[in-house]
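The values are calculated or read from the model by the stated rules, or taken from the named source; none is laboratory data. The structure displayed is predicted, hence computed values, not measured ones. Methodologically, a virtual Cβ is constructed for each residue, glycine included, from the backbone with ideal geometry; neighbour enumeration extends over all protein chains shown. These area figures cover heavy atoms from the full protein model, side chains too; ligands, DNA and RNA do not enter into them. Shrake-Rupley method; radii C 1.70, N 1.55, O 1.52, S 1.80 Å.
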Amino acid sequence: MKRKYLLLICLIATIFSLKLSAQNDIYRIEQIKKENFVSENKQSKVVFSSSFNDLFIVDVLYPDANIKSSGKDAKGNYLYEVLIDSKKTPKRRFVISRKGDSREGELTEVFHPGQCYYFHVTKVAEPITVQETTKKTSGQFKDEAQASVEFTAPMKGLVVKMDTYNKSASPTVSTSVAANGSFVTTMVFNLSRLSTWEQQIAEYKTSLGSLTDDDYEKKEELENKIDSLSAFTNFNLRISTEKSQVCAVEISNLRPKQKREFAVVLVERVDTVKTHVTEFQGFQSAAMASMKERKFSAAKQEYEKALAAKDCPADMKNVLQEKIDLAERCANNNDIAQYCLLQLKEIKNGGKQASATEIEKYYAGAIDAYSVIYKETNDEQFNAFATQLKGKLAALPIVVAIKVMGVKKKGGTFIDNPLPGVKVYGVSQEFSEALKKGAHGTFLGVCDEKGYSRLELKNGEYSGLLFVPDGIDYKENGYQSLVGKNHLSTEVRLYK
């Protein structure tokens, strides 16, 4: 149902005659204030105000959300409000239009619990659209530790604002005039500490994964820290002019020396509503909807159709091919993850036998696949999948299988035989003089009649295993280090 609704929005949005496929907002949606909001269920509240009394507002993720009229404000503007369970899905996308009007506006925002957000909706005199035009031939930025984001517009006075929790993420901004008379706004980002930020984010996410739902304040603190650091390479820009709407531009996975390019285009408005959509626009809209729903194979097929469409713009062919390759990579990695998870499910249910090493390989395969998709799409859901699986992998025990042999010298020849009854202890230190005699550490078990001992241990719980023979015939205890070991199958010899 959600996909059908998204496609319906895409069809309606063709009221404009565009040479580029992009956002077709013609309503300006601006945040005017934010204040605390008291709610027993830790909800957030969103209030829209407008001079129009017939706004049609839809929460795309939750089309059945109760968005209701709530009278007027002191200035005579009509009010519309909705409550959001921000703990479930804090990031929301609202599409706003007037009843009976195909023209629309869009707002994508992260809403935090305990906050009330106020937005004002106005009609736009000169709508714009923003289209990424980055190609493989765009080249690289000159500085090894910097990256740039560049907007080319036909008008002066382009306003570019950055949404970020971390003020120090703000870039250096400059303007210039191109040879063809276009106005260029360039943002330069310093990414010299990128590896440090990414390591810190990983540590925060690990800590976040260990918290329970009751640790709400600590979770919120860590989430804000992650958002703050992520703002250096993953962030939203707000693009507008004095007479246009505000267009949201998402920048994800910005890397050193990267040069991202965008075109700002004035939208030609027409008074009659078009009743059809071009092949290219229709297929591309369907592909984008499939990507949002994480249906990567379907997205690849729709992008291929858009590329093959008769009306596909020449300057979009390379961009579409990159989108096709991206969807294919995501589909392949998603298939790998699903296969690994299916094998783990069969092992858990007893339908498949596997060694500890094989189990770890399935976990690692799924983690790697989801991590690749997250890196490609910046979809937090896949990062959450990978983090959850990492926790399960870390909790798996290591398997130690050891055979203890007793060795004695007979006639100038050393003879070894399995040694039963040897006691096994876990110790938290390397082998030393103090451990050579007697029992030490935590008793773990006794070797069987064939000298075998098989143990499942928590990773990192012990530095080594101490093997204490029964009697005084042997010179000293045996020892096996576990430092840096995962699973282990070996022999330990005790000498008489």
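The table below lists the values:
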item	result
Ratio Rg/Rh [Cα only; Rh per Kirkwood] for the stretch 197-243	1.19
Reach of Lys485 by Cα under 17 Å, taken over aspartates and glutamates that are not fewer than 8 positions away in the same chain	Glu358, Glu360, Glu430, Glu456, Glu461
Dipole-positive endmost among Ile26, Thr108, Thr172 within the chain (Cβ charges, Cα centre)	Thr172
Furthest towards positive pole of dipole, Leu482, Ile347, Leu211, structure part the chain, Cβ charges	Leu482
Under 18 Å from the Cα of Lys68 - lysines, other chains or at least 8 residues apart	Lys45, Lys99
Residue-by-residue Karplus 3J(HN,Hα) for the stretch 341-347, coefficients 6.51, -1.76, 1.60, Hz, glycine and proline x	5, 5, 5, 5, 5, 5, 5
Cβ-defined net charge surrounding Val159, 9 Å radius [Lys, Arg +1; Asp, Glu -1]	+1
Amide H partners (placed H, <5 Å) of Phe119, local residues excluded	Ile32, Val47, Phe48, Ser49
Dimensionless Rg over Rh [the chain; C-alpha; Kirkwood]	1.13
DSSP beta bridge pairing in the chain, given as percent antiparallel to the nearest 5	80 percent
Dipole magnitude (debye, nearest 20) for the stretch 337-435, charges at Cβ of Lys, Arg, Asp, Glu	640 debye
Rounded to the nearest 10 Å², the accessible area of Asp214 at probe 1.4 Å	140 Å²
Size of electric dipole in the chain: Cβ of Lys, Arg +1 and of Asp, Glu -1, about Cα centre, debye, nearest 20	520 debye
Rounded to the nearest 10 Å², the accessible area of Arg193 at probe 1.4 Å	140 Å²
³J(HN,Hα) computed for each position of the stretch 232-248 - Karplus, 6.51 cos²θ - 1.76 cosθ + 1.60, integer Hz, glycine/proline x	6, 10, 10, 7, 10, 10, 10, 10, 7, 10, 4, 10, 10, 7, 9, 9, 8
Surface per residue (accessible, 1.4 Å probe) for the chain, Å²	54 Å²
C-alpha center-to-center spacing [the stretch 53-79, the stretch 289-339] in angstrom	35 Å
Solvent-accessible ranking of Thr377, Thr212, largest area first, probe 1.4 Å	Thr212, Thr377
Peptides 382-392, 42-52 ordered by average Cβ neighbours within 10 Å, highest first	42-52, 382-392
Entries of Lys34/Lys225; Lys225/Lys345; Lys259/Lys310; Lys292/Lys392 with Cα pairs more than 32 Å apart	Lys225/Lys345
Heavy atoms of Tyr362: accessible area, 1.4 Å probe, square angstrom to 10	40 Å²
Relative counts (whole %) of C-alpha pair distances in the stretch 357-496, using bins that are 5 Å wide	2, 9, 16, 17, 14, 10, 8, 7, 6, 5, 3, 2, 1, 0, 0
DSSP-assigned coil residues among GluC sites (Glu not before Pro) in the stretch 442-496, each with at most 12 further Cβ atoms within 10 Å	Glu449, Glu461
Carbon/sulfur fraction of accessible area - the chain, other protein chains in place, 1.4 Å, %	49 percent
10 Å-binned pair-distance histogram of the stretch 200-345 (Cα, whole percent)	9, 21, 33, 24, 11, 2
Equivalent-ellipsoid semi-axes of the stretch 295-402, from the Cα gyration tensor, Å, largest first	38, 13, 9
For the stretch 473-484, Karplus couplings with θ = phi - 60° (6.51, -1.76, 1.60), whole Hz, Gly/Pro x	6, 9, 5, 7, 5, x, 8, 10, 6, 10, 5, x
Built amide H within the under 5 Å cut-off of Gln43, gap 5+	Gly114
